[in-house]
């Protein structure tokens, strides 16, 4: 039986950061298992929420194995590393990303929409390496692509 230690959310997240940096986290179940080994009992829902709040994203290593990584969101976005291409058509914009990065990029765009920093967009749909962004007007794709290019530090 594992005795559950009383630790703060901050302390738990610091441990998760250390586990991610050590390359030990490939899934939410890994978070649950690794924390249990350290005496902390958490649910998979808590592990999922912690990973999301930490900005952890799934990535594939050189060997093709998926694992969680941490990245400074502002640094990644300002350099445009996650957005490989931006193409407009009608009222849509299609962004290409590295594998497993589309949801992270879409989440960033959704946050900009909610904060009214991207008023010409109404929402996103993300796959593994593709993000579809919907413009608020029937012919707004081109203008939206320019706004997204600026947002991600790409040339317009």
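Worth pointing out:
- Residue 56 falls short on exactly one of the conditions (1) under 20 Å from residue 106 (Cα atoms); (2) modelled with pLDDT of 85 or more, and that condition is (2).
- Selected residue (criterion: modelled with the highest pLDDT) from residues of the range 88-102 that are surrounded by fewer than 22 Cβ atoms within 10 Å (Cβ to Cβ) and within 8 Å of residue 129 (Cα to Cα): 96
- Residues located in the range 81-130, provided they are in contact with a strand residue (DSSP E or B) (Cβ under 6 Å, 6 or more places away or on another chain), part of a loop (DSSP other than H, G, I, E, B) and without any contact (Cβ under 8 Å) to a residue 24 or more places away in the chain: 84
The values are calculated or read from the model by the stated rules, or taken from the named source; none is laboratory data. Everything quoted here is computed from the prediction, not taken from an experiment. Note: ideal-geometry Cβ built from the backbone for every residue, glycine included; neighbour counts use all protein chains shown.
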